[in-house]
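Data first, discussion second: the structure below is written as structure tokens.
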Amino acid sequence: MDVAALVVGGPTAALVVGTAILGLLLLVLLARRSGTGSKGGPPPSASQSRSSAAAPPLEDTRDKGVILFGTQTGTAERFAKSLRAQLEGKFGGGTAFEALDIEQYDAAARLPREKLVLLLMATYGDGDPTDSATEFWAWLSQAAESGEDPDQLQGVSFAVFGLGNRQYEHFCAMGSKVSKAMKALGAREVAPRGEGDDDKDIDADFDGWCGRLFGALDASPLVSKGGASLSADFLAAYDVEEVRDAPASAVDVLPAGGSGLNSHSPFLATVGAVRELHAGGGRSCVHVELDISGCQASYEAGDHVAVFAENSPAVVEAAARVLGLPLSHCFRMRLPSHNKHGLPEPAVEGPLTLRCALARCADLLSAPNKAALLALAACAKDAGEAARLQHLASIEGTDSYHEYVLSAKRSLLEVMQDFPSARPSLGAFFGSVAPHLQPRYYSISSAPQQHPRSVHITCAVVKERMPTGREHEGVASSWLAAAKRGHRIPIFLRHSTFKLPADPAVPVVMVGPGTGLSPFRGFLQHRGELARAGRKLGPAHLFFGCRNRKHDFIYEEELEAAVANGALSQLHVAFSRDKSQKEYVQHHMEAHAAEIWGLLCESAGGYLYVCGDAGNMAKDVHRTLHGIAAQVTGCTDAQAEAAVKKLSDSGRYLKDVW
């Protein structure tokens, strides 16, 4: 999850930021839209080459502030871009801000020389940094722990906003760790660390933090006030060059040869099988097998696979219509000569057709951030549409933004359809409006002992009606469900701490309703191979839940076979819709309270695993576990809570929840 926050003072000072300042920004941006920098004339079209002899920009002499984000799912990046837009609107007359993926930031060389650093840090797994923040955290933590230069960051002012989910024990741990390390190196925290909870309303947490942050900065000498000289090149845009008559073999090519070790080097896996697991009932869940022969990455049961999915053809066609370009339009994207906004290298330089670029590169169905709205305002030809977009992007428009975008679950594509005069160039669309489509992570539902050259995915296909009336189909789940044998899919593998005990004789209790069964299918395959090899296995209980036996008891035959071969001692299945009285996994846990606690108590040393829905199931299971501890041991609620915490602290209570 993505987490980061800074808190100082109250929101009142920030709310004083008048519409006049953002209005001034809008006027500057609109002026930018109607010309090409200081030269005037029409804006460059997608067919123009990468920089038609434009004069080099003047040096930006403003004070500088940097926003660093460490993201896993894209939330921290979305917040960072929104924060930059709002800071530029309020303080851009005298201070320039850049938002950078922390992976692109040379901390050793740059951090000691910074004046103001805002860090938006997500937490992954058991209090770990995200993949992109691993290198930064390794340097920062080593520098802080060594004590060799405790004043290394003296003169640096910073603020941290942590992103996380309270369902995880180490909530916002990276935000806390980064704040502590920065202080240990002499940096000054200009406001208390903030926290955003993805289990509730992380956007509201972030907006509250922004208000307090702006108040703190208003009262400090860290930023130069005023908006009279706002930057005229606010919009970050790639250089775009139309490509004509390119050979078909060179267009829309998926990069091959990746290692599969990380997001920068995805491996092209081959779809081996896709089959439906549900038998009616109006819902869908698919089993997908991906051949990873030749992949440099390896996996263990409990690890994750990240899938680079594509938007559906219908979504792509709708996006091309709002951009006013044919799907066959072919182009290359490159970084601008003066990359002041820290744009990352294009994921694929090209040549790409618009069809391919919209399918693979643009996150069209997530909620637009405020930076995207301000960028659209800059492109709007209709003054009324520009003013409304500006208001939605402002501090004063926070309530309107929540109502129109977040509460309505309105997608970026829907917003662009609602504001037809806001038509960005391709360079601005991919640089300032549409975030990059992020990979989707799935718990691997196989074990290498049984499937050494393939990974299996168990995926519920998402279909739901949004408050706007839009029928939303999950980008990745729908794409996987439609995949055909032989299709190539970019993936990479990621290790997790959700692992079986090293000693197979140690008892295990697994709780996984629905697709929460995924990692446990891998566990059972692993244990089955150990049993065949003659290894002694400890007791293993699985609590699985679904709606009814007839429709969605997935992998039923495999689970029964696991009981028969000794990989599973007992299978407990809860069917929530088969009886008049609903029953869930926690009810079956309560019915076997003494047996469960007997396996999990300190003398037995058993492990408890929970996988699935964080919002309801995981909370219910956690409460049930407290009740079981109190019931079986006869202890007080406080003692039961301490016993469960001890189980977690010892690494024997593990969650893989979403």
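Taking the DSSP bridge list for the chain and keeping only pairs wholly inside it, about 50 percent are antiparallel. In the range 508-657, Cα pairs under 8 Å separated by at least six residues give a relative contact order of 25 percent.
Summing Cβ point charges (Lys, Arg +1; Asp, Glu -1) relative to the Cα centre of the chain gives a dipole of roughly 880 debye. Just the number, please: Stokes-Einstein D of the range 508-657 in µm²/s, Kirkwood Rh from C-alpha pairs, 4 °C, 1.567 mPa s. Roughly 82 µm²/s, to the nearest whole number.
Placing a label point 7 Å from the Cα of ALA533 along the Cα-to-Cβ direction, no residue of the range 600-641 has its backbone N under 15 Å from that point. Pairs of Cα atoms nearer than 8 Å and 6+ residues apart set the relative contact order; for the chain it is 15 percent. Remark: spin-label model distance VAL253-GLN104 equals 2.5 nm, labels positioned 7 Å along the Cα→Cβ axis. Report the relative contact order of the range 122-227, percent, no decimals, based on alpha-carbon pairs under 8 angstrom and at least 6 residues apart. Dividing the mean separation by the residue count of the range 122-227 yields 28 percent.
Annotation: peptides 372-380, 636-644, ranked by per-residue average of other Cβ atoms within 10 Å with the highest first, follow the order 372-380, 636-644.
Loop-located trypsin sites (Lys or Arg not before Pro) in the range 439-505 (DSSP state other than H, G, I, E, B) with a sparse environment of at most 11 neighbouring Cβ atoms within 10 Å: LYS484, ARG485. Our estimate of slack between ALA273 and ASP151, defined as 0.36 nm per intervening residue step minus the Cα-Cα distance, is 38.2 nm.
Near GLN570, once Lys and Arg are set to +1 and Asp and Glu to -1 for all other residues with Cβ below 14 Å from its Cβ, the sum equals -1.
For the chain, the residue among ASN548, ASN616, SER648 whose Cα projects farthest onto the positive side of the dipole built from Cβ charges is ASN548. Cα centroid separation, the range 626-658 to the range 119-137: 27 Å.
For the peptides 183-189, 353-359, the ranking by mean Cβ contacts within 10 Å, running from highest to lowest, is 353-359, 183-189.
Going from the fewest other Cβ atoms within 10 Å to the most, the residues MET617, MET466 appear in the order MET466, MET617. Distance between the pseudo-spin-label points of SER224 and ARG283 (7 Å out from Cα toward the beta carbon): 5.8 nm. For the residue pairs LYS115/LYS183; LYS409/LYS463; LYS81/LYS381; LYS370/LYS409; LYS619/LYS655, alpha carbon separations beyond 19 Å are given by LYS81/LYS381. Extending 7 Å from the Cα toward the beta-carbon at both ASP382 and ALA204 defines two label points whose distance is 3.2 nm.
Most tightly packed first, judged by the mean number of other beta-carbon atoms within 10 Å of their residues, the peptides 156-168, 89-101 read 156-168, 89-101. Residues whose amide H lies under 5 Å from that of ILE444, counting only those 5 or more places away or on a different chain, are GLY302, ASP303, HIS304, VAL305; hydrogens are built 1.01 Å from N in the peptide plane.
Taking the Cα centre of the range 508-657 as origin and assigning +1 to Lys and Arg Cβ atoms and -1 to Asp and Glu Cβ atoms, the resulting dipole is close to 120 debye. For the chain, the residue among SER496, GLY92, GLY196 whose Cα projects farthest onto the positive side of the dipole built from Cβ charges is GLY92.
Readers should treat all values here as calculations from the given coordinates under stated rules, not as data from a laboratory. Computed from a predicted model, the values in this text were never measured in an experiment. Positions of Cβ are backbone-derived with ideal geometry, glycine not excepted, and every protein chain shown enters the neighbour counts.
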